[in-house]
1. Determine which single condition residue 304 fails, assuming it passes every other condition in (1) crowded, with 16+ Cβ neighbours inside 10 Å; (2) closer than 28 Å to residue 211 by Cα.
2. Going by the structure shown, is residue 349 buried (at least 20 other Cβ atoms within 10 Å of the Cβ), out of contact with any Phe, Trp or Tyr (no Cβ under 6 Å at 6 or more places or on another chain) and over 26 Å from residue 271 (Cβ atoms)?
3. Between a first residue in region 49-68 that is crowded, with 19+ Cβ neighbours inside 10 Å and a second residue that is in a loop (DSSP other than H, G, I, E, B) and among the polar types (S, T, N, Q), which pairs have beta carbons less than 9 Å apart while being 6 or more apart in sequence or on different chains?
4. Applying the selection to region 143-164, what residues are surrounded by 15 or more Cβ atoms within 10 Å (Cβ to Cβ) and under 21 Å from the mean Cα position of the chain (by Cα)?
5. Please go through region 397-424 and give me each residue that is within 15 Å of residue 443 (Cα to Cα), part of a strand (DSSP E or B) and touching a helix residue (DSSP H, G or I) at 6+ places or on another chain (Cβ under 8 Å), ordered by number.
6. Looking at residue 20, is it closer than 20 Å to residue 192 by Cβ, surrounded by fewer than 19 Cβ atoms within 10 Å (Cβ to Cβ) and not basic (Lys, Arg)?
Amino acid sequence: MGSRSVRTVGMSIYIPDTSAISEGIISRLIESGRIRGRIVIHKALLLYFEELANQGKTIGYVGLDEIRKVKKLCSSLDIPFEILGDSRRRYGNNIDVDVRELALEMGATLITANRVQAALAESMGIDVIFVRPVREIRLSIERFFDSETMSVHLKEGTLPRAKKGRPGDWRIEVIGDRELTREELEAIANEVLEAARMGNGFIEIDRAGSTIVQLGKYRIIITKPPMSDGWEITAVRPLARPRLEEYNLPPKLLRRLEERAEGILIAGAPGMGKTTFAQALAEYYLRKGKVIKTIESPRDMYLPPEATQYSKVYASPEELHDILLLSRPDYTVFDELRNDEDFKLYVDLRLAGIGMIGVVHATTPIDAIQRFLRRVDLGEVPSIIDTVIFIDRGQVSKVYTLEMTVKLPTGLREAELSRPVVEVRDFLTGELEYEIYTFGEQTMIVPVRTLRMQTVENKIRKLIERTMPYAQVTISGNEVVITVPREYASNVKKKIRRLRRLENELGMTLRLKLE
């Protein structure tokens, strides 16, 4: 599609639509000298961008700035500039239909960056200049980033700052010697919004006081008054895109991820690298020939095009459920689980047989499991979660597996108290660390290792107190310190051999101390 001969007699007439205004196309065409003629702006366009600006949406300011720029260019180059048309919208909220009709009535050339608009206009006999949006753009916010920068924090009236380092080991640095002004932040925000509308990214959320944009590898959060006390822009960029092989996972864990793990939970504190690991795992499965889809809000995972990334912002849980259930991916990465609706969707998809990888905030691995306990029956937990991977400072620090069994819980003695128990084991050592079961109406999460240690300690104290009732016993880890008053030193010498036998039986170190 391109420019064709104009049917009007005399000076050519050019009318831009919303896409040509919001993406700055009309001013670029004038500056390059590609068009010289009468520029007509539909009056409804002014009202459209004014409404958006009054709602606090940045794209409204972008449109009004472009119209003002076009008017100045026309004045300096002696090009006729007019605002015509009825301000009432004959075709509802679709301003581009009104613009198209005006172009037809005036025999004008329509300028657009919208392929559908261009095709419709040409089918109606309207001359069209279709300008494909520029896909590559260098953002001014990128100048604040270097190879160490994880995120940039800009706020009016303050010095720009950056978070540098790596997950779990970072520092805040001032990266400028001059306080930022509101005008500078507005200009950066307008540039980001324009780049997103040109197809370089997505405007995930656009509210009166906040806008969230995913622009390539950058997640950009823009807030402004009255929501915040001043204009603020935060830009986050993944510092690295490691492959799963770079985590140096034990072969045993890799085999489980390939062969058995289908209900995976990736947990960790904020900023510890959970999403980065989930991204590496998703890419690993893609290389293994798996079909991968993601649910994100916003879409900030940086994945190959073979992975389809869905946004929670633009789809309801019911719609996502239907799409994923019918398309049947091998794995769905849910980044991240926040509210009851998120957990319900994860559970429903997992019980339907879809492999799930959930990302959740938790300060300990068991905390991640607890977040499911109040939302599902205890018996369903091992079917929903079979592998918990805890990330600390960017590395895998703990892996749990969950299995259901019927047994007498550790610490209970009556055989009739046997019941269904979820065992939580350290995957690499096989050691039982927690038992989860119901007792009455309460769900119990019992740290078995601690319970066993307490049992051993009580046994040691009783044995030593029976042998030396005058001694004090202190237990620290695998060492038992027996403190004996000096007047009983002769008695202790007689019992040294017995203490050594006890030391061998318990597998612990006994140390005598006289006071």
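The values are calculated or read from the model by the stated rules, or taken from the named source; none is laboratory data. Every value quoted in this text rests on a predicted model; they were computed, and no experiment measured them. A quick note on method: Cβ atoms are made from the backbone with ideal geometry, for glycine too, and the neighbour counts reach across all protein chains shown.
1. Here residue 304 clears every test but (1).
2. Considered against the rule, which asks whether it is buried (at least 20 other Cβ atoms within 10 Å of the Cβ), out of contact with any Phe, Trp or Tyr (no Cβ under 6 Å at 6 or more places or on another chain) and over 26 Å from residue 271 (Cβ atoms), residue 349 comes out as yes.
3. Pairs found: none.
4. 145, 149, 150, 151, 152, 153, 154, 162, 163, 164
5. If the condition is that a residue be within 15 Å of residue 443 (Cα to Cα), part of a strand (DSSP E or B) and touching a helix residue (DSSP H, G or I) at 6+ places or on another chain (Cβ under 8 Å), then 404, 420, 422, 424 are the ones that fit.
6. no
Each row is one residue, and each column tells you yes or no for (1) among the basic types (Lys, Arg); (2) under 22 Å from residue 449 (Cβ atoms); (3) loosely packed, with under 15 Cβ neighbours inside 10 Å; (4) out of contact with any helix residue (DSSP H, G or I) (no Cβ under 6 Å at 6 or more places or on another chain).
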| position | (1), (2), (3), (4) |
| --- | --- |
| 469 | no, no, yes, yes |
| 474 | no, yes, yes, yes |
| 483 | no, no, yes, yes |
| 486 | yes, no, yes, yes |
| 491 | no, no, yes, yes |
| 497 | yes, no, yes, yes |
| 501 | yes, no, yes, yes |
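Here is a yes/no grid of residues against (1) closer than 30 Å to residue 341 by Cβ; (2) in contact with a Lys or Arg (Cβ under 9 Å, 6 or more places away or on another chain); (3) not charged (D, E, K, R):
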{"residue": "371", "(1), (2), (3)": "yes, no, no"}
{"residue": "385", "(1), (2), (3)": "yes, yes, yes"}
{"residue": "394", "(1), (2), (3)": "yes, yes, yes"}
{"residue": "401", "(1), (2), (3)": "yes, yes, yes"}
{"residue": "404", "(1), (2), (3)": "yes, no, yes"}
{"residue": "424", "(1), (2), (3)": "yes, no, yes"}
